[in-house]
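Taken together, the values in this text are just the output of simple stated rules run on the coordinates, not laboratory data. Every value quoted in this text rests on a predicted model; they were computed, and no experiment measured them. Cβ placement follows ideal geometry from the backbone for every residue including glycine, while neighbour counts extend to all protein chains displayed.
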Amino acid sequence: MKIVLVFPPFYLESMYNLPPLGLISIASTLASTEHEVVILDFVLALRQGRLKPGVKTYDDCAEWILGENPDIVGFSAQCTTYPPVIQIARKIKEAKVNTQVIVGGHNASFVDTLTLERYPFIDCIVRGEGEITFKELVKSYEKGNTLKEVEGITYRDGDRIVRNRDRELVADLDTLPVPDYALAPPLSEYRDACKLPRSIAILEVGRGCPHNCIYCSESKFWRRKTRTYSIDRIVEEMKVLHHEHGAECFVLAYDQFTARRSFVENFCKKVVEENLNHVPWYCISRLDTLDPGLLDLMKEAGCESTCFGIDSGSPRTLRFIRKNIDRDILYRRVVETTERGIVPTLSYVIGFPEEEKEDIDATLGLALQTGILGNNNPLIQMPTVLPGTDLYKKYLRKLTRKVDTYFALGIEFNNGNRLKSDETLINNNPEIFSSFYNISCKGMPLDQLNIIASYFPFIVNFYPKSFLLLSIECGKPVSDLFLEWLLWVNEKLDRNEITLTPRDCYLHFSEYASTTLAKKGDIRRKYIYDILKYETNSLYVARWDITDDEFHMPDEDLENFKPMRNDRIVIDTFDFNIPRIIEDLKKNRPEEQYPEEHTILAFKHENKQLVVNEINQFGKDLLELCDGKTTLKQISDKLYETYGSETDKHNFFQSCIDAIKVLGEMNYLSCT
C-alpha cells in the first residue's frame with residue numbers, strides 16, 4: 001500500500017519549522033512492512049516557496065498528495081492546523097473516494113466523534129499515542145478486516161460512528177522503533193528555509209505530565225502518567241542525529257525533563273562521557289527541581305536554554321489554574337540559571353476568565369521583576385482554549401471571537417488573512433475549533449489583553465527597571481502605564497494602528513518617561529533618570545558583540561604608541577551609585593531615595609552578555625584621550641597635570657602604561 005503522511009500547511013514567521021517528529025515516528029514503525037511511506041511537510045514547502053500561499057493553497061496540497069497515488073493519507077493535526085486538515089481531506093476524498101483519510105494528534109483525539117459526525121470525508125481518528133495504533137490500522141485496511149479490534153481509534157462504520165476502547169500507553173518507550181530522520185528532508189533544508197544559524201533536531205526524551213493545570217491538554221492526552229526513554233537510547237539517538245544527520249542543536253521534547261533528578265544527572269553524565277556536550281540543547285524545567293549543582297551539570301552537558309512555566313504572578317490566578325509558584329524560588333532560579341550562561345524562557349499567561357485587573361498587573365509586575373534579573377526571554381500569552389481541558393469543559397458555552405491569540409495564528413494564506421472557507425469552518429464549529437476563540441476576562445477587554453501580550457515583552461527586555469520605577473513613582477498600575485506608553489508612541493509616529501517595535505522602545509521610551517516625569521513634578525525617586533540612562537546605554541552597546549581579541553602593545557618605543565579607544569563601548573557618568581541601586585532592584589527592595597554619589601560606568605557587550613564595570617575618573621579621562629592619534633607620551637603629559645602631583649613624570653608614565661594594559665585586556669581599547 002502507498003501511505004502518505006502529511007504535515008499540514010502552516011506559516012508563522014516567529015515560529016521556526018523543524019522536522020515533524022510525530023510523523024517520522026509513525027513512518028518508522030512501518031519500516032519493517034512492505035508498505036511505501038512518504039512524508040509531505042507542507043510547512044517546509046511554504047518556507048521554501050515550493051507551495052504558494054493563496055486561495056488555492058489547499059487545492060495545491062491536495063493535488064500534491066494525490067500525485068503520490070495514495071491508498072491511505074494520514075494527517076498530523078494540532079489546534080491551529082485543524083482547519084487546513086479538514087479542507088485538504090475534503091478535496092482528497094472528492095477526487096479519490098476510496099482513499100482512507102486518517103487524522104491524529106492532540107486536537108483530533110479530543111474532538112474525534114464531533115469530527116467524524118460533521119465531516120463525512122474523514123474515515124478514522126487515531127486517538128492518543130499513535131505508533132502501534134496506526135500500524136495495526138494499516139494492517140486491518142490491508143487485509144480488509146473490520147476495525148473493531150483496533151484499540152485507540154474512532155471510525156466510521158457505514159452510518160455509525162464507532163469509538164473503540166482506549167489503547168493502553170506503551171509501558172516501555174524503548175520498544176518503539178528509533179525515529180528515522182532519513183524519512184524526512186535533511187535538517188540543513190529546515191535550517192536554510194527558516195534562516196536558522198544551525199541545524200536543529202527534535203529529540204523525544206519522554207512523554208506525559210502528572211499535573212492538572214486547567215488550561216493544558218498535555219496531561220489529559222497522556223492520562224497524567226509520565227514515561228522516559230532509557231538514557232542509553234536517548235544518547236545513542238543524539239549521536240546518530242549529530243554524526244549522520246548533521247544536528248547542531250537538540251530540542252529535548254518532554255515537559256517533565258527535570259522532574260526526576262537522578263534521570264537528569266545520569267543523562268548529563270552520559271552526554272559528557274560520550275563527548276556530545278559540545279552540541280547545545282534546550283529543555284523544559286521545573287523551578288522546584290533545580291539547584292546550582294544540577295544546573296552546573298546541565299551546563300557542562302551542553303544545556304543552552306530552558307523554559308520555566310511561570311504562568312501568573314497572582315496567587316488567586318495560580319489557585320484557579322491549579323498551579324503553585326514560589327516567588328523566592330523563581331527569582332533564585334532565574335539568577336542561578338543565567339549566572340551559568342543558560343538562558344531561561346519565562347512563560348506567562350494573562351486574561352484567564354476569572355482574573356481581575358490587579359491579577360493581570362501582578363503578572364506583568366512579576367515579568368518586569370524577572371526582567372530586572374537580566375538575560376531571560378519573556379513569553380506572554382493569552383489563554384488558549386484547547387479541547388480536552390477543564391477550561392474547555394467549563395467555558396465552552398461562553399466562547400467568543402474577538403482577537404487571534406498566538407496559537408490561533410499561522411494559516412493566514414490569503415494576503416495575510418485567513419481563507420473565507422477557514423473562517424466559515426471556525427465560526428460554525430466552536431466545539432472543534434475552540435483554540436480560535438476567546439473567553440472574556442473580568443478584569444480587562446480582550447483587545448487590550450492582546451496588545452499587552454503582544455508587545456509588553458519588549459519593555460521587559462529593554463526597560464524593566466525604568467518601567468517598574470516609573471509605575472511606582474507615578475502610582476499607576478503597570479497595565480495602565482503600558483497602554484499610555486503605546487498610545488503616546490503611536491501618536492508621536494502618526495500611526496493609524498497600535499503597534500510597537502524594539503526600535504520604538506530604544507528611540508522613544510526615554511523621551512516618554514522623561515515627559516511623564518516632568519508632568520508629574522516633585523519626583524521622589526530622582527535616581528530614575530540615571531536608571532533610564534543606564535538601560536539606554538545597555539541597549540546601545542548591545543548592537544555589537546565585542547570579541548576577545550588579544551590586545552597587544554609594542555615592545556619598544558611606547559612613548560609614540562597611539563592607543564585607540566574601542567568605539568563599541570560607552571562610558572557615562574551618573575549622579576547615584578547605580579550598581580547598588582540595581583542590586584536593590586534585583587532583590588525587589590528599592591529604596592525611595594538614595595544619597596547622591598558620583599559614579600562612572602563603562603558599558604560593553606561581550607560574548608553575548610552585557611558587561612558593566614565601574615571605573616574611576618582617571619580611567620575615564622585616560623580612555624577619552626585614546627583617540628588613535630595622540631601618543632601615549634602626550635596622554636601621560638596631559639594627565640600628569642591633574643593626577644601626577646604625588647610622583648615624578650617617569651613613574652607616572654609607567655602608571656599610564658600599566659593602566660593601558662589593563663584597559664586593553666578588558667577590551668576597552670581597540671587592537672587596530
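Charge tally around residue 32: other residues with Cβ under 14 Å, Lys/Arg +1 each, Asp/Glu -1 each, net -4.
Note on the stretch 532-665: Kirkwood hydrodynamic radius from all Cα pairs is 16.6 Å, rounded to one decimal.
Shown for the stretch 420-509 is the translational diffusion coefficient from the Stokes-Einstein equation, using the Kirkwood radius over Cα pairs, a temperature of 10 °C and a viscosity of 1.306 mPa s: 104 µm²/s.
With a Förster radius of 56 Å applied to the C-beta separation of residue 66 and residue 587, the computed FRET efficiency comes to 0.30.
Here the ratio of the Cα radius of gyration of the chain to 2.2 N^0.38 Å is 1.12. Spherically averaged projected area of the convex hull of Cα atoms, the stretch 132-264: 11.5 nm².
I want to make sure I understand the PRE zone here: with the label point 7 angstrom from the Cα of residue 610 toward its beta carbon, which residues in the stretch 348-379 have backbone N atoms less than 20 Å away? Of the residues in the stretch 348-379, 364-379 have backbone N under 20 Å from the label point off residue 610. Neighbour counts of C-beta atoms inside 10 Å place 124, 268 in the sequence 268, 124, starting with the fewest. Peptides 366-378, 269-281 ranked from most to least packed, by the mean per-residue count of other Cβ atoms within 10 Å: 366-378, 269-281.
Taking label points 7 Å from Cα along the Cα-to-Cβ direction, residue 428 and residue 394 give a separation of 3.2 nm.
For the chain, the 222 nm mean residue ellipticity estimated from helices alone, with every DSSP H stretch of n ≥ 4 adding -39500 (n - 2.57) and the total spread over all residues, rounds to -13000 deg cm²/dmol. For the listed residue pairs 93/139; 91/402; 465/629; 195/269; 323/393; 148/394, the alpha carbons are over 27 angstrom apart in 91/402; 465/629; 195/269; 148/394. Please work out the FRET efficiency for the pair residue 178 and residue 343, using the Cβ-Cβ distance as r and a Förster radius of 35 Å; give the result to the nearest 0.05. Between residue 178 and residue 343 the formula returns 0.75. Comparing Cα centroids, the stretch 601-637 and the stretch 215-230 end up 55 angstrom apart. Taken along its principal axes, the alpha carbon cloud of the stretch 2-169 reaches lengths of 43, 33, 29 Å, longest axis first.
Just to confirm my numbers, what's the Cα centroid distance between the stretch 127-146 and the stretch 268-316 in Å? Taking the Cα centre of each part, the stretch 127-146 and the stretch 268-316 sit 38 Å apart. Computed from Cα atoms alone, the Kirkwood hydrodynamic radius reported for the stretch 577-631 is 13.6 Å. Each Cα pair under 8 Å and six or more residues apart adds its sequence gap; the mean of these over the residue count of the stretch 532-665 is a relative contact order of 31 percent. Potential lengthening of the chain between residue 567 and residue 233 amounts to 115.2 nm, from the contour at 0.36 nm per residue minus the alpha-carbon distance. The length gained by stretching the chain between residue 420 and residue 165 to full extension, at 0.36 nm per residue less their Cα-Cα distance, is 88.1 nm. Counting only residues at least eight positions apart within a chain, or on another chain, the aspartates and glutamates with an alpha carbon under 14 Å from that of residue 56 are 412, 422. Cα centroids of the stretch 373-421 and the stretch 521-596: 41 Å apart.
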